[in-house]
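Notes for the one structure printed next.
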Amino acid sequence: MTFQEINERIIALAAQKGGQGVSFKFAFPGGIIVVGADGAVSNENLDSDCTISTTEETFTSILNGELNSMMAVMTGKVKISGDMSVAMKLTNLL
């Protein structure tokens, strides 16, 4: 998926599932996606509770179930900064 396709997918998921009470920032080479605590999605570099840094390719593999997210973190394909417990709530969104 391209950055734009990932952005559209996250917007749809956030609209469907609503806010998680915490904010996530996805940092890709192609841009930034921030999902606010209320479920609002922005491409501005806003503060967040947790930042997930990865490539579009790796994120797509995780979304498609081709790559386990924990394995991606353990192998360095995904980097998490900020509140690690917030990252665990991503399973509710994705």
Considering only DSSP beta bridges where both residues belong to the stretch 3-83, give the percentage that are antiparallel (nearest 5). 75 percent
Kirkwood Rh, angstrom, the chain [1 / mean 1/r, Cα pairs]: 13.0 Å
So what is the calculated 222 nm ellipticity per residue for the chain, using -39500 (n - 2.57) for each DSSP H run with n of 4 or more, over all residues, to the nearest 500 deg cm²/dmol? -10500 deg cm²/dmol
Residue span Gln16 to Met88: 0.36 nm per residue of separation minus Cα-Cα distance leaves a gain in nm of 24.0 nm
Out of all DSSP beta bridges with both ends in the stretch 8-52, state the antiparallel percent to the nearest 5. 70 percent
Residue span Asp47 to Met71: 0.36 nm per residue of separation minus Cα-Cα distance leaves a gain in nm of 6.0 nm
With point charges of +1 on the Cβ of Lys and Arg and -1 on the Cβ of Asp and Glu, referenced to the Cα centre of the chain, which listed residue (Asn45, Asn68, Phe3) lies farthest in the positive direction of the dipole? Asn68
Between Glu5 and Glu57, with labels modelled 7 Å along Cα→Cβ, what's the label distance in nm to one decimal, could you check? 1.4 nm
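Every number here is computed from the coordinates shown, using simple stated rules; none is lab data. This one's a predicted model, so the numbers in the text were calculated from it and none came from an experiment. Ideal geometry is used to build each Cβ from the backbone, glycine not excepted, and the neighbour counts take in all protein chains shown.
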